[in-house]
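Heads up: the structure comes next, in structure tokens.
We did not get these values from a lab; they are worked out from the coordinates using the rules stated. On a predicted model such as this, the values are computed, not experimentally measured, just so you know. Here Cβ is always computed from backbone atoms with ideal geometry, including for glycine, and neighbour counts include all displayed protein chains.
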Amino acid sequence: MASGDPSSDGFVLWTRLAVSPLSGDGRGGMPARDVEVDWQVSTDERFSTIVKSGTATARARDAHSVHVELNGLEPGRDYFYRFRSEGRLSPAGRTRTTPTGETTPLTFAVAACAHYEHGYYTAYRRLAEQEPDLVVFLGDYMYEYGPSGYTALAGRVRTHTPGKCQTLADYRLRHAQYKSDHDLQAAHAVAPWLVAFDDHEIENNWAGPVSSTGAPGFARRRAEAFRAYYENMPLRRASLQGAVLKVNRRISWGTLARFHLLDTRQFRDDQACLDGVRAGCDDRLADKRTLLGAGQWSWLEDGLRGSTTRWNLLGQQIMMAHRDYKVGPGREVNLDSWDGYAAERTRLLGSLARTSNPVVLTGDAHMHHLAELKTDFDDPDSPVVARELVASSIASDGDGYRDRTWISEALQENPHISYIDQRRGYLVARLTRDDLSVDFRTLDYISRRGAKAKTAHRLTISALTGAAAAGQAGAPRIG
């Protein structure tokens, strides 16, 4: 069970019925009939005061998933929820509505990339223990590979369900395996989530209608992966629109902040120069290349221009800052990231320069990064228009490490990046009207259970006000 997409008077509640979650047909061992599910929402975790209740139908055609969209609740407060079906009662989860007007501080976590085979989900457990108000998850919630399909860097701690995900049943089964993890369940139960997919929820490095492997039938596979993703996430019903899954959306936290969630996969052009980390790819610089697509670009521009909140937070999947992977003369960039769509990035950073206190939240990289975003990364004097906070992975690439020589060389090659950490972890941020304080949390290992989380790096960004807020990024204080 989980909750998500909070508003000032409600949120989405999600559950999926399964008596045998890892049943090979992806149906969770459920009968081929619809099942009624009762739900309750209370102001206390003992459920002594029920404020909303009802019955939803878990339909067999939807893999017995349930999405309940609540409204009519009070703004800015915690609620507790649970489900009951055929004599079985779920545990209770905590969620909350967003505030209106002036707000108290917001504590939110940022996480991404949770390869099941690469390690235990201890980072989810540590995140849950911090009891954030909101969790922003930025892609690669699950991985489509078959057993040992991507273990070169990490080895294999646990084993995927059989086979590479190709069909609706495959994706349903893989989601069920991931959801069976108790640490992930704890993270869902502690707060509402804002979720968006990246590539591995469908296929590594897919781009728009293009499969990265060139395999036939990708349109069908993508549509079925989208369906399974919707069935297993706390998304609103309107997000699934036939073969399209709409995850770009906005959530406001009173007048304090607006979250703009982006989709950097579904509407992009294919990667230039055959993808990968490459040098000398001039095609990536073409002005017409798009990552967001025309419709999403207009939606984002309108949202940034019309925002009246103190802070504007872009939640997106791939690294926005320029990143040179080659030490010394020459340049090598990741063409799957914004470096592969450089002209559109320049236009977006120009828009952020006119936006009140913008901060970019990012996943995908499997390493913590702290970067300054500039309209011209080759000009040291180019003004900083925003800061990018990149969350390391929950589990992908295993235990991680601290190669200080490699980090030093990477930072020297990319002077606009001030911090990198290859260990697993997540971000915890505390947002007020005056500043944004971010803890880069890391774990020393995930190949066995029990690791503690620690703050390896801390950053505080001061808010700017008035005309200055829309002209330059906030000033950082690093602790």
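Taking the number of Cβ atoms within 10 Å of each Cβ as an exposure proxy, the fewest-first ranking of Ile407, Ile251 is Ile407, Ile251. When cysteine pairs in the chain are screened for C-beta atoms closer than 4.7 angstrom, the residues that find no partner are Cys113, Cys165. Nearest-5 percent of antiparallel DSSP beta bridges in the chain? Around 75 percent antiparallel, to the nearest 5. First check a/c for the stretch 102-478, with a ≥ b ≥ c the square roots of the eigenvalues of its C-alpha gyration tensor; if it is under 1.5, answer rounded, and if not, answer prolate when a/b is larger than b/c or oblate otherwise. Rounded, since a/c falls under 1.5. By the compact-protein rule of thumb, 2.2 N^0.38 Å, the alpha-carbon radius of gyration of the stretch 1-98 corresponds to a ratio of 1.11. On full extension, the segment bounded by Arg404 and Arg61 gains 118.3 nm, given 0.36 nm per residue less the C-alpha separation.
Of Glu69, Glu372, Glu74, Glu231, the sequence from fewest to most neighbouring Cβ atoms within 10 angstrom is Glu74, Glu69, Glu372, Glu231.
Remark: Tyr150, Tyr426 ranked as Tyr150, Tyr426, counting other beta-carbon atoms within 10 Å and listing the fewest first. The order of the peptides 384-391, 205-212 by mean Cβ neighbours within 10 Å, most packed first, is 384-391, 205-212. Annotation for the stretch 1-90: trypsin sites (Lys or Arg not before Pro) lying in DSSP loop with at most 14 further Cβ atoms inside 10 Å of their Cβ are Arg33, Arg46, Arg59, Arg77. Ordering 437-443, 456-462, 264-270 by mean Cβ neighbour count within 10 Å, with the highest value first, yields 437-443, 264-270, 456-462.
For the pair the stretch 39-55 and the stretch 101-148, the centres of their Cα atoms are 26 angstrom apart.
Magnitude of the Cβ-charge dipole of the chain, K/R +1 and D/E -1, about the Cα centre, nearest 20 debye? If you can, show how the numbers build up before the last one.
Details: 60 positive and 60 negative charges, 222 e Å.
Here the size comes out at about 1060 debye.
Across the cross-link table entries Lys326/Lys374; Lys246/Lys326; Lys164/Lys454; Lys374/Lys454; Lys246/Lys454, which are compared at the Cα atoms, the separations over 25 Å belong to Lys246/Lys326; Lys164/Lys454; Lys374/Lys454; Lys246/Lys454. Rounded to the nearest 500, the 222 nm mean residue ellipticity of the chain from helices alone is -5000 deg cm²/dmol, with -39,500 (n - 2.57) taken per DSSP H run of at least 4 residues. Given R0 = 60 Å, the distance between the Cβ atoms of Arg449 and Asp9 translates into a calculated FRET efficiency of 0.90.
Mind checking the full-extension length gain between Asp282 and Arg77? Use 0.36 nm per residue of separation minus the Cα-Cα distance, one decimal, nm. Each step should come with its number before you reach the end.
Numbers: separation 205, 0.36 × 205 = 73.80 nm, distance 5.12 nm.
Going from the current span to full extension adds 68.7 nm.
Within 10 Å of each candidate Cβ there may be at most 16 other Cβ atoms; applying that plus a DSSP loop requirement, which GluC sites (Glu not before Pro) in the stretch 77-139 survive? Mind dumping the intermediate values first?
Numbers: sites: Glu86, Glu102, Glu117, Glu129; in loops: Glu86, Glu102.
Of the GluC sites (Glu not before Pro), the ones in loops of the stretch 77-139 whose Cβ has at most 16 other Cβ atoms within 10 Å are Glu86, Glu102.
Based on the Cα atoms of the stretch 207-271, what semi-axes does the equivalent ellipsoid have, where each is the square root of 5 times one gyration tensor eigenvalue, given in whole Å with the largest first?
Working: eigenvalues 143, 47, 12 Å².
Semi-axes, largest first: 27, 15, 8 Å.
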